[in-house]
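Below is one structure, written out as structure tokens; the observations come after it.
The values are calculated or read from the model by the stated rules, or taken from the named source; none is laboratory data. Keep in mind the model is a prediction, meaning the values are calculated, not measured. Cβ: placed from backbone, ideal geometry, glycine included. Neighbour counts: every protein chain shown. Just the protein is used for accessible areas: all its heavy atoms, side chains included, with ligands, DNA and RNA removed. Shrake-Rupley method; radii C 1.70, N 1.55, O 1.52, S 1.80 Å.
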Amino acid sequence: MLPTSMRAVIVDQGKGPSSALRLGEVPTPVLQVENEPPSIIVKVRAFGLNRMDLYQREGKYPVPPGISEILGVEFSGEVAGVGQGVSGFQPGDSVLGLAQGGAYAEYIKVPASMTLQKSPKLSWEQAAAIPEAFLTAYQALELLTSQKPGDNVLIHAGASGVGLAAIQLARLRGARTIYVTAGSQEKIDVCKSLGATEGFNYKESDWAAELHKATNGQGVDVILDFVGASYFANNLKSLRRDGRMSVQAFLGGSTLPQGTNLAPLLAKRLRIEGSTLRSRSVEYQTKLVQGFLQSGGLEALERGADGTKNDKALQLIIHKAFDWHDIKQAHDEMEANKNIGKMVVTIS
């Protein structure tokens, strides 16, 4: 029997700075709400941090209609309740999953189809670090840019959770070369240790000029971008004919500078697609989760969970695991761009 109330991280006044975050009491989610997909309730052991959490906390990221206002879109934990129409899960199962919201809490209700069984090879922290980063990277490479063996790839924000996931997935997918941008040599070294060919420190050099040299002026076939406006013109210059770019965020702004030349879009037949995973339908996210599973992605992560490195293993790079009583510190550290890899929070 689940309690009627639970602890959760809430934001005072609904939005504000990191100092507005605190633990509070909220109603525990219940199953069998009318018209919901077959769902389960999970007792959360750990959840992942994502930059969208910071934007939502500040009131800059609208929550999709009907979705919990509680922060958090990825988690690991134990099944505590099973709804009608659910098969393959029972109370006590260890799981990890993707959610549209609600992970910063003791319990979360999610569609069963967006949840996967957790191997004992993975810790709670490792499992919570998987869904958003690896599914976002998988979506960008598989669905949005159609990355193929032999492609040359550029990944901006290479040392972020999504960036490190994308480097490894691009490598497994047969990329010829993988270039990254990052803000320090330490971050670049981590990227190269996971399969990046070369990295460019955007704080110390002109990454576009360096990429031009590294590719003998040819550029790349695929770009994964999280920066937006400030990189847009150079991204267009850096793409080869028939190049593809996926835009995932606007860390460098969303309004293009006056005078930006869009001619390469036509001249090089470029394809550019933007996407936010959270706003996608349950059906879309289910297909993505199950596609990643069928591609062997989760199995590769389990192989690399103990640090094993080979061509069939994926590494989980966790910058730091925080206790949820230190949630303000965790948000501050992410906001300062101090992390290399994923940041996760455990519930105590």
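Tell me which residues, restricted to segment 146-180, are open to solvent by less than 10 Å² (accessible area, probe 1.4 Å) and under 20 Å from Met343 (Cβ atoms).
Across segment 146-180, the qualifying residues are Ile155, His156, Gly158, Ala159, Gly163, Leu164, Ala165, Ala166, Ile167, Gln168, Val180.
If I ask for residues that are hydrophobic (A, V, I, L, M, F, W, C), open to solvent by less than 50 Å² (accessible area, probe 1.4 Å) and at pLDDT 95 or above, which ones from segment 11-44 would you list?
Once the filter is applied, which keeps residues that are hydrophobic (A, V, I, L, M, F, W, C), open to solvent by less than 50 Å² (accessible area, probe 1.4 Å) and at pLDDT 95 or above, segment 11-44 yields Val11, Ala20, Leu21, Val26, Ile40, Ile41, Val42, Val44.
What tally of residues in segment 140-160 results from selecting those that are closer than 18 Å to Gly228 by Cβ and assigned to a helix (DSSP H, G or I)?
Residues in segment 140-160 being closer than 18 Å to Gly228 by Cβ and assigned to a helix (DSSP H, G or I): 2 in total.
Taking segment 288-307, which residues are part of a loop (DSSP other than H, G, I, E, B) and either surrounded by 13 or more Cβ atoms within 10 Å (Cβ to Cβ) or under 16 Å from the mean Cα position of the chain (by Cα) (or both)?
Ser295, Gly296, Gly304, Ala305
For the list (1) of a type outside the set (S, T, N, Q); (2) open to solvent by 30 Å² or more (accessible area, probe 1.4 Å); (3) within 27 Å of Lys309 (Cβ to Cβ); (4) touching a residue at least 12 places away in the same chain (Cβ under 8 Å), I need the number of the one condition that Asp189 fails.
Condition not satisfied by Asp189: (4).
Whether any residue in segment 133-142 is over 30 Å from Glu198 (Cα atoms) and open to solvent by less than 50 Å² (accessible area, probe 1.4 Å) is what I want to check.
no
Here are Ser94, Ser18: which of them is in contact with a His (Cβ under 6 Å, 6 or more places away or on another chain) and among the small types (Gly, Ala, Ser)?
Ser18
Looking only at strands (runs of 3 or more DSSP E) that lie completely in segment 210-287, which have at least 1 residues being open to solvent by 70 Å² or more (accessible area, probe 1.4 Å) and not aliphatic (A, V, I, L, M)?
The qualifying strands (runs of 3 or more DSSP E) are 239-247, 271-274.
Using the structure shown, decide if Ser19 is within 25 Å of the chain's Cα centre (by Cα) and within 22 Å of Lys118 (Cβ to Cβ).
No.
Do we have any residue at all in segment 45-67 that's open to solvent by 50 Å² or more (accessible area, probe 1.4 Å), outside any loop (DSSP other than H, G, I, E, B), on the phi < 0 side of the Ramachandran plot and without any contact (Cβ under 8 Å) to a residue 60 or more places away in the chain?
Checking segment 45-67: at least one residue is open to solvent by 50 Å² or more (accessible area, probe 1.4 Å), outside any loop (DSSP other than H, G, I, E, B), on the phi < 0 side of the Ramachandran plot and without any contact (Cβ under 8 Å) to a residue 60 or more places away in the chain.
Restrict the check to segment 260-269 and report whether at least one residue is under 23 Å from Ser160 (Cα atoms), of a type in the set (Gly, Ala, Ser) and in the same structural domain as Tyr179 (by the TED database).
no
Which one is farthest from Ile41 (Cα to Cα) among residues in segment 119-132 that are in a loop (DSSP other than H, G, I, E, B) and open to solvent by 30 Å² or more (accessible area, probe 1.4 Å)?
Lys121
Each row is one residue, and each column tells you yes or no for (1) in contact with a Pro (Cβ under 8 Å, 6 or more places away or on another chain); (2) in the same structural domain as Gly77 (by the TED database); (3) under 23 Å from Asn337 (Cα atoms).
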| residue | (1), (2), (3) |
| --- | --- |
| Val11 | no, yes, yes |
| Lys15 | no, yes, yes |
| Arg22 | no, yes, yes |
| Leu31 | no, yes, no |
| Ile41 | yes, yes, no |
| Phe47 | no, yes, yes |
| Tyr55 | no, yes, yes |
| Lys60 | no, yes, yes |
